[in-house]
Amino acid sequence: MSRILVTGGAGFIGSHLCERLLNEGNEVICLDNYFTGNKQNILHLIGNPLFEIVRHDVTHPYFVEVDHIYNLACPASPVHYQFNSIKTIKTSVMGAINMLGLAKRIRAKILQASTSEVYGDPLLHPQPENYWGNVNPIGIRSCYDEGKRCAESLFMNYHYQNNVRIKVIRIFNTYGPRMHPNDGRVVSNFIVQALTGEPITIFGDGTQTRSFQYVDDLLEGMIRTMETGDSFIGPVNIGNPNEFSMLELAREVLDLTGSRSKIVHKSLPADDPAQRRPDISLAKEALDWEPFVELREGLTKTIEYFDKLLKNTQLK
Ligand code: NAD
Ligand code: UDP
């Protein structure tokens, strides 16, 4: 049993992580400022004597005695991270400095939830970890991409200079229950649109691709990474290599929901990556990890979640 701090613990991924770590018998401290997360995501965990929640912003220092830190605090959807772009940079950079400072002081292991966005609009396909990426440093996605790149650099330098025990994972597009219904990400958008009979909004011609990973597969990769010995620091890609175009995703969602929503095309946002797929050779070799949940199976579970949510909130 370990005592574990999860920053961003009330968010989509963070809430699943808190739940899984508690189920494994750990003590969990969930830290969040509720910018994109909410208490509803962790309501079912409140009352567990091993679970504690703290309202705090990672741009300010925080002190606690823990064995492990999972640093997830950061808005992840383009709509949310562009809402207050300066705050997004501060969250990634100052949040990393504050959490690394804490890890250094208490000698905790710390894992950074980095992102496939560090590869930008990649020119190499699929993307291995040693690819340096193709990021527009002044574009509308740069607050997120460059913030996360700087955080990776901070992690590496705290490790080189101060021997901090770090792990960096690069997460590729992840979906599942507890995604925010209005966060603008493609999976939640398409499902909510299909369930409410609204038009499915495809940005651009829909030929751009992403590789979608179900949240349970990510958790397994994340926890396996944390459990590696100190010599393994990453960065390591954690994602599902099955690649789909947005048109294919829209058709799957329409098929699984039985919806009669029409597909409409909207303009493609600036710097939207044309294709993305992880090379997961390193994760296979170092973590003995690979994803198991197929898109249709994961979408079915996610659709069930949103269907219930929409009925409960009478949005439907
Ligand atoms: P999310 O928006 O649901 O969760 C982020 C959480 O961080 C929220 O609960 C939010 O309130 C909290 N937060 C934001 N700023 C904060 C601050 N300054 N102080 C404290 N808490 C703060 O997003 P998610 O999809 O669960 O993503 C979690 C992490 O995983 C993020 O770091 C994200 O960059 C990374 N990631 C996610 C994906 C994905 O596809 N979901 C892909 C790559 C990387
Ligand atoms: N997208 C879309 N319709 C939507 C939302 C997103 O076609 O309603 C597209 C978006 O342009 C991008 C892809 O879906 O090409 C994935 O978008 P998301 O915001 O989920 O993730 P990211 O771009 O950060 O990978």
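Values in this text are rule-based calculations from the coordinates and carry no lab data. On a predicted model such as this, the values are computed, not experimentally measured, just so you know. FYI the Cβ positions are ideal-geometry reconstructions off the backbone, even for glycines, and counts take in every protein chain you see.
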Divide by every residue of the chain the summed helix terms, -39500 (n - 2.57) for each DSSP H run of at least 4, and state the resulting mean residue ellipticity at 222 nm, rounded to the nearest 500 deg cm²/dmol. -12000 deg cm²/dmol
Charges only on Cβ, +1 for Lys and Arg, -1 for Asp and Glu: so what's the dipole of the stretch 84-127 about the Cα centre, in debye to the nearest 20? 460 debye
In whole angstrom, how long is each semi-axis of the equivalent ellipsoid of the chain, when you take the square root of 5 times every eigenvalue of its Cα gyration tensor and sort them from largest down? 30, 23, 18
Distance violations [Cα-Cα > 19 Å] among LYS87/LYS167; LYS167/LYS301; LYS104/LYS284; LYS104/LYS167; LYS109/LYS284: LYS87/LYS167; LYS167/LYS301; LYS104/LYS284; LYS109/LYS284
Nearest 10 degrees, 0 to 90: what angle lies between the long axis of helix 186-196 and the longest principal axis of the chain (Cα atoms)? 40 degrees
Mind checking the alpha-carbon convex hull of the stretch 33-87 and giving the volume per residue in Å³? 102 Å³
Report, to the nearest 10°, how far helix 85-106 tilts away from the longest principal axis of the Cα atoms in the chain, using its own Cα long axis and a range of 0 to 90°. 30 degrees
If each of ASN182 and LYS262 carries a label point 7 Å out from its Cα toward its Cβ, how far apart are those two points in nm? 2.5 nm
Count neighbours as other Cβ atoms within 10 Å of each site's Cβ, and list the GluC sites (Glu not before Pro) in the stretch 139-230 that are DSSP loop with at most 14 such neighbours. GLU227
Relative contact order for the stretch 185-301, counting Cα pairs under 8 Å that sit 6 or more residues apart, in percent: 42 percent
Convex hull volume of the Cα atoms in the stretch 1-104, per residue, in Å³? 82 Å³
Once Rh for the stretch 45-185 is found with the Kirkwood sum over Cα pairs, what is the Stokes-Einstein diffusion coefficient at 10 °C and 1.306 mPa s, in µm²/s? 98 µm²/s
Roughly how many debye, to the nearest 20, is the charge dipole of the stretch 118-172 about its Cα centre, given +1 on each Lys and Arg Cβ, -1 on each Asp and Glu Cβ, and no other charges? 200 debye
Taking alpha-carbon centroids only, the stretch 5-45 lies from the stretch 200-266 a number of Å equal to 22 Å
Is the stretch 135-231 rounded, prolate or oblate when judged by the Cα gyration tensor, a ≥ b ≥ c being the square roots of its eigenvalues, rounded requiring a/c under 1.5 and prolate requiring a/b larger than b/c? oblate
Per-selection metrics, the stretch 75-142 (Cα): Rg and Dmax in Å: 14.3, 40
Calculated P(r) of the stretch 168-283 - Cα pairs past 20 Å, %: 48 percent
Magnitude of the Cβ-charge dipole (Lys and Arg +1, Asp and Glu -1) of the chain about the Cα centre, nearest 20 debye, reported as 760 debye
Rounded, prolate or oblate, given the Cα gyration tensor of the stretch 115-178, with a/c below 1.5 counting as rounded? prolate
Between ASN242, VAL64, ILE110, whose Cα lies farthest towards the positive end of the dipole of the chain when Lys and Arg beta carbons carry +1 and Asp and Glu beta carbons carry -1, centred on the Cα centre? VAL64
Divide the volume of the convex hull of the Cα atoms of the stretch 169-225 by its number of residues and quote the answer in cubic angstrom per residue. 93 Å³
If you keep only loop residues by DSSP, which trypsin sites (Lys or Arg not before Pro) in the stretch 224-265 have at most 16 other Cβ atoms within 10 Å of their Cβ? ARG260, LYS262
